[in-house]
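See structure below.
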Amino acid sequence: MVLSAVTQLKRPRPVAFAVSLLLTWLVLALLAVGLRRGPIEKDLSQRANEAVRQSGASQVVVTVAGTAATLHGDFASVAAADAALRAARVDGVSSARLGSDALVATRPAQPVVLTVEQGRLTVRATVPDRTRRTALLDAVVDATGGQLTSDIAVDPRAAQPAVPALAGLVTALTRAPGTHTLTLDGGHLVLTGTVANESGRTSLGAAVLTAGRVGGTRIDLDNRLVVATAAAPGPRSPDAGAAGTGGAQGPGGDAAALAAAASGHPVTFASDSAVLSDRDRAALDLVAAALRAGTAPALVAGHTDSTGPASLNEALSLGRAQAAVGYLVSQGVPAGRLRAVGYGASRPAADNATPAGRAANRRVEIVTDAS
């Protein structure tokens, strides 16, 4: 047999064999890493999100690609953004950065103020862009049936206000009779206005708390509602209100009598308070007597000093006016003759640069309503 005719089996070349083994190992290693990457990224994302939430950034979402974290959402300040970035670097995360959609505010979030008067809602707020303005309106418009006045400013430098479920809060407010104002400052809610009795005060406060805590949101409520229980008018002389007698007061006489009654002790308030003191009630007793003796309507104007956000001051000043109205009604003054307004800090009576001036500006003034 001829040897050249025998088929010779070729031995694999050593270098090619080693390269093929190496490539096979690399492919298997990449497959193993790919299979493990998903669970690793999920674990890192969960831990990073929890750490960021604990740092106080409740409106931020963390995504992880590989071991790099990206933060999306709203930050109340540059310091808050830095704190969130540090918190996101949990064990296993190699780097953390802000996403292109992140919003870092240079001005603090302003309170959201909801006022319901005769079934109509007014919303006052400041948001960083029109998209969030639209979202805020959409959250409340269905609950109002279109009875809505919007006073929402757009300020790119302002932080997005953190508010609980607005639709439920609006529903709770609009179902209660009367005029009520709810100020939402993060998780702190302040409820002002006038109710007919203590039961109404308790039930409205409970409804607001229940609506605000939907979804487990943590909130606290400062219930400043004033109970205005109607009392019988004080005694009057037989001819004091008789028609066609000299005892009746005309519009000019009503204004003069009211001015004289209101010129005594000023009705003032402690800082961040709408609670009447004993001296305030004594002063309002004189005003109530003057109003009962006449027929002219009265304007009850609340004011604040210049400390604090403008939106919060407007709500606080209205709450002070409503507290005075509630007391006057309890002393026999018809509620229909009283109109409460809040001017915030826009009409100071004294210099806000001094403590005495600020104390004088935290006041209520009552004059004849010419409108």
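The table for this structure:
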item	result
10 Å-binned pair-distance histogram of the stretch 112-226 (Cα, whole percent)	14, 49, 32, 5, 0
Chain lengthening between SER58 and SER95 when straightened (0.36 nm per residue, less Cα-Cα)	11.3 nm
Fewest-first sequence of SER271, SER311 by Cβ atoms within 10 Å of each Cβ	SER271, SER311
Karplus 3J(HN,Hα) series, Hz, for the stretch 171-176 with 6.51 cos²θ - 1.76 cosθ + 1.60 (x for Gly, Pro)	4, 4, 6, 6, 7, 8
Per-residue Cβ neighbour rank within 10 angstrom, fewest leading, HIS303, HIS188, HIS72	HIS188, HIS72, HIS303
Likely footprinting exposure, GLU50, GLU314, fewest C-beta neighbours within 10 Å first	GLU50, GLU314
Sorted peptide list for 317-324, 136-143, criterion being average Cβ within 10 angstrom, highest first	317-324, 136-143
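We did not get these values from a lab; they are worked out from the coordinates using the rules stated. Everything numeric here is computed off the predicted structure, so don't read it as measured data. As a convention, Cβ positions derive from the backbone with ideal geometry for all residues, glycine included, and neighbour counts pool all protein chains shown.
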